[in-house]
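J.: Got a structure here, written out as structure tokens. Questions coming.
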Amino acid sequence: MAAEQPHIDKRLTAVLGTVSDPEIPVLSIMEMGVIRSAIINEAGVVMVRITPTYSGCPAMDVMGEDIIKALNEAGYKAEVNLVLSPAWTTDWITEKGRKALEDYGIAAPLDEVADKAVLLGNQKLVKCTLCGSTNTKLISQFGSTACKALFQCEDCREPFDYFKCLK
């Protein structure tokens, strides 16, 4: 089942696009897909709904503060509300966001079936973000954050994070 597309007032897109993900600063919150809606209500207040990448994500408070700050600097009053349903999925990361992850050194999430295969060590599908080889191995189920796993390339020997598929 496809997730409901976010409803974002076009006047707010550019401002929200300047707010970085606190844990992956090369990605905006728009590219991560955490914005579920951003509308200007009848009182002129921007109402933003965000969904955490996982329910215990420690970055959500910082994200909320950064959203309010960016909107205030653009001349808007804003409120941010956390929405848990539907749950965030890595499918919500934009193509631009996936490319930014790779360029930053984090392998973008695979699909659900492939993700399970690589995390169980059954297949070598995760590409090294430095040399592009799929001759990689899982080092740890958890990388720099809980939503990532640590891999190492067996060709260039570089370690790198892989962003796990979340559905």
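Only the coordinates and a few stated rules stand behind these numbers; no lab work does. No experiment lies behind these values; they were computed from the predicted model shown. Cβ placement follows ideal geometry from the backbone for every residue including glycine, while neighbour counts extend to all protein chains displayed.
J.: Here are some conditions: (1) over 21 Å from the mean Cα position of the chain (by Cα); (2) among the hydroxyl-bearing types (Ser, Thr, Tyr); (3) within 17 Å of LEU166 (Cα to Cα). SER85 meets all but one. Which one does it not meet?
T.: (1)
J.: With in contact (Cβ under 8 Å) with a residue 40 or more places away in the chain and either farther than 16 Å from ALA87 by Cβ or assigned to a strand (DSSP E or B) (or both) as the only criterion, which of GLU31, GLU65 stands out?
T.: Among GLU31, GLU65, only GLU31 is in contact (Cβ under 8 Å) with a residue 40 or more places away in the chain and either farther than 16 Å from ALA87 by Cβ or assigned to a strand (DSSP E or B) (or both).
J.: If we scan the stretch 154-166, do we find a residue that is touching a Pro at 6+ places or on another chain (Cβ under 8 Å), of a type in the set (A, V, I, L, M) and touching a residue at least 60 places away in the same chain (Cβ under 8 Å)? Reasoning before the result, please.
T.: Pass one, the stretch 154-166, residues touching a Pro at 6+ places or on another chain (Cβ under 8 Å): 162-166.
Now restrict to residues that are of a type in the set (A, V, I, L, M): 166.
Remaining after also requiring touching a residue at least 60 places away in the same chain (Cβ under 8 Å): 166.
Yes, because at least one residue in the stretch 154-166 is touching a Pro at 6+ places or on another chain (Cβ under 8 Å), of a type in the set (A, V, I, L, M) and touching a residue at least 60 places away in the same chain (Cβ under 8 Å).
J.: Further question: Filter the stretch 93-135 down to the residues that are among the aromatic types (Phe, Trp, Tyr) and either crowded, with 16+ Cβ neighbours inside 10 Å or over 30 Å from ILE35 (Cα atoms) (or both) and list them by number.
T.: Filtering the stretch 93-135 for residues among the aromatic types (Phe, Trp, Tyr) gives 104.
If the condition is that a residue be among the aromatic types (Phe, Trp, Tyr) and either crowded, with 16+ Cβ neighbours inside 10 Å or over 30 Å from ILE35 (Cα atoms) (or both), then no residue fits.
J.: Right, another one. Within the stretch 76-120, track down each residue that is part of a helix (DSSP H, G or I) and farther than 30 Å from MET47 by Cα.
T.: Result: GLU102, ASP103, TYR104, GLU112, VAL113, ALA114, ASP115, LYS116, ALA117, VAL118, LEU119.
J.: Could you list all residues from the stretch 68-92 that are among the hydrophobic types (A, V, I, L, M, F, W, C) and either surrounded by fewer than 14 Cβ atoms within 10 Å (Cβ to Cβ) or within 15 Å of SER37 (Cα to Cα) (or both)?
T.: Initially, the stretch 68-92 is screened for residues among the hydrophobic types (A, V, I, L, M, F, W, C), giving 68, 70-71, 74, 78, 80, 82-84, 87-88, 92.
ILE68, LEU71, ALA78, VAL80, LEU82, VAL83, LEU84, ALA87, TRP88, TRP92 - these are the residues of the stretch 68-92 that are among the hydrophobic types (A, V, I, L, M, F, W, C) and either surrounded by fewer than 14 Cβ atoms within 10 Å (Cβ to Cβ) or within 15 Å of SER37 (Cα to Cα) (or both).
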